[in-house]
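Peer 1: One structure coming up, written as structure tokens, with questions to follow.
The values are calculated or read from the model by the stated rules, or taken from the named source; none is laboratory data. All figures in this text were calculated on a predicted structure; none of them were measured in a lab. Quick reminder, even Gly has a Cβ in these numbers, built from the backbone with ideal geometry, and neighbours come from all protein chains shown.
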Amino acid sequence: MPRRRQLKGIASGIASKFISRNNDVNGYWALGLFYKTAAESGKSVFNLNLITGESSPYFKYSARVAKQYYCFLQEQMNKLGFEDYQIKDAVIEVMFDVPPTKRQIIYKHTWGDPLICKVSLTDDLNRTWQSEFRAWCGKHNPIRECRSIRRYVL
């Protein structure tokens, strides 16, 4: 029987994969697209529900992105012996325009603004397991960015 605290490790894996540069939508970095979407709607937080595929603020491809990470969540749960019913809720929350930490300022190797990506998994016992990562991200700008050759047919 798997231990529930292993869900925190799964949440950490989802968060690190989500902020990766390999997380792209139509060849552009997904975080930059989410940042631009949030800024255009006047918000500094982007939420993505992995189970329902809904996002706040609304993003055109949120269901596809959520499905990709929900499949990853299920793979990790199956590897550890969890059942699908043991997860009631799975949410990714990205907070933009947060103040940088002293360490982030010293070791800044990229452009953009600081962010916090938090993944929360709620189990069937209503216990929430969270993991968060700090990173940097700029708003999507097709003039500045190079488009990946990995383009999905949407």
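Peer 1: Return yes when I14 is more than 18 Å from E132 (Cα to Cα), of a type in the set (V, I, T), modelled with pLDDT of 95 or more and touching a helix residue (DSSP H, G or I) at 6+ places or on another chain (Cβ under 7 Å) and no when it is not. Give the derivation first.
Peer 2: Values: more than 18 Å from E132 (Cα to Cα): no; of a type in the set (V, I, T): yes; modelled with pLDDT of 95 or more: yes; touching a helix residue (DSSP H, G or I) at 6+ places or on another chain (Cβ under 7 Å): yes.
Judged against the criteria, I14 is not a match.
Peer 1: Given K60, K36, which one is surrounded by 15 or more Cβ atoms within 10 Å (Cβ to Cβ) and of a type in the set (K, R)?
Peer 2: Details: K60 fails: surrounded by 15 or more Cβ atoms within 10 Å (Cβ to Cβ).
The match here is K36.
Peer 1: Continuing with this model, one more query. Every residue in the stretch 1-59 that is in a helix (DSSP H, G or I) and over 20 Å from D97 (Cβ atoms), please.
Peer 2: Our first condition is that a residue be in a helix (DSSP H, G or I); within the stretch 1-59, this holds for 6-18, 30-40.
Within the stretch 1-59, Q6, L7, K8, G9, I10, A11, S12, G13, I14, S16, K17 qualify.
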